[in-house]
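These notes are about the structure you will find just below.
The values are calculated or read from the model by the stated rules, or taken from the named source; none is laboratory data. Quantities reported herein were computed from a predicted structural model and do not represent experimental measurements. A quick note on method: Cβ atoms are made from the backbone with ideal geometry, for glycine too, and the neighbour counts reach across all protein chains shown.
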Amino acid sequence: MSNVAVITDSTSGITRQQAAILGVEVIPMPFFIDGELYYEGVNLSHEDFYACLQRGADVRTSQPALFDIAETWNRALRSYDEVVYIPLTSGLSTACHTAVQLAAEYEGRVEVVDNKRISWTLKQAVIEAVTLAREGASAREIRRILERDALEASIYITVDTLKYLKKGGRITPAAASIGTVLNIKPVLQIQGERLDAFAKVRGMKAAKATMLDAVQNDVEHRFLGHRAYIRGAYTCSDAEAAVWQKEIQARFPGRQVLLDPLALNIACHVGPGAVAIGCIRQLDETGYLDCRSLLAPAGEKFAG
């Protein structure tokens, strides 16, 4: 049995069932909706979240309280010698820096990984941390490996509506109006620190092609000589997500393509109807990991 507990937050997209299978703890991310506090996956489902967005509710992201983080760590340390905590990227939240400061009080028993990731890329890091822990790596070794390869991943996203990018101040009202009239679809990228503009095209079909081209370029050039994971994500309907998965699979035949709902912290900014694709270089230390078998009980079909 591993002597290292692995803990993350709900921006990883790891469900309670998957957390139980992996043996990890997931701290739910808090949201304020019209001034009331909700926790992702506890009293706030994805369906309820999007319903709030669509009715125009005031939705604001927050970060876990220090007390909740410390309580989770303390509980883990009753059964494990060490803790590896892998939170949302420091580029999108101050929660990671806050956790680093808190960890200083634990005299080396807690290692906080600034993994620069969110959604599927963060989930992959958690799976890798669990694998490394099972193979006997210490918390410090796991942190070193994950931070070394932190930037070896990308997420590309396109949106159905410019409403939420305008609301978050990422585009001007004038640009949103023109973009809506001309059917302009921005392609955004997360590669470590923040959500950045990557390209602007006309129509969802062109936006999807742009994202697929970007990932193919990563696979063939950026990650040349290494195997890479291809992952999809979405805030659209399940039916639209299934179509997106087939489009990804057609571009990358023979690869294991899995889908997750996009983390709600990103969904706040991109709104419903978005699709995304992630590309993650495998760790040399673990080799290629079959995430379908690792995350789903025997005989159960994995989401997507």
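Structure data summary
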| item | result |
| --- | --- |
| First in the stretch 197-209 and closer than 17 Å to Ile155 by Cβ and assigned by TED's automatic domain parsing to the domain that holds Trp244, second anywhere and among the polar types (S, T, N, Q) and part of a strand (DSSP E or B), Cβ under 8 Å, 6 or more apart | Ala197/Gln189; Phe198/Gln189; Ala207/Thr158; Lys208/Thr158 |
| Arg144 being of a type in the set (Lys, Arg), surrounded by fewer than 17 Cβ atoms within 10 Å (Cβ to Cβ) and modelled with pLDDT of 95 or more | yes |
| Some residue of the stretch 28-43 being part of a helix (DSSP H, G or I) and either modelled with pLDDT of 95 or more or out of contact with any His (no Cβ under 9 Å at 6 or more places or on another chain) (or both) | no |
| Test: residue in the stretch 271-285 that is at positive phi and surrounded by 15 or more Cβ atoms within 10 Å (Cβ to Cβ) | yes |
| Spans of helices (runs of 4 or more DSSP H) in the stretch 44-122 with at least 2 residues free of Cβ contacts under 8 Å to residues at least 24 places away in the same chain, under 12 Å from Asp9 (Cβ atoms) and in contact with a strand residue (DSSP E or B) (Cβ under 7 Å, 6 or more places away or on another chain) | none |
| Thr11 vs. criteria of a type in the set (Val, Ile, Thr), in the same structural domain as Leu122 (by TED's automatic domain parsing), at pLDDT below 95 and more than 17 Å from Val270 (Cα to Cα) | no |
| Answer from Ala263, Ala274 - the residue that is assigned by TED's automatic domain parsing to the domain that holds Thr158 and modelled with pLDDT of 90 or more | Ala274 |
| Residues of the stretch 1-57 classified as surrounded by 16 or more Cβ atoms within 10 Å (Cβ to Cβ), farther than 17 Å from Arg75 by Cα and acidic (Asp, Glu), total | 1 |
| Selection from the stretch 123-151 of residues that are part of a helix (DSSP H, G or I), charged (D, E, K, R) and over 14 Å from Thr8 (Cβ atoms) | Arg134, Arg140, Glu141, Arg144, Glu147, Arg148 |
| Which listed residue is assigned to a loop (DSSP other than H, G, I, E, B), closer than 24 Å to Leu294 by Cα and under 19 Å from the mean Cα position of the chain (by Cα), from Ile7, Ile14, Ile21 | Ile14 |
| Test: Val110 is under 20 Å from the mean Cα position of the chain (by Cα) and among the aliphatic types (A, V, I, L, M) | no |
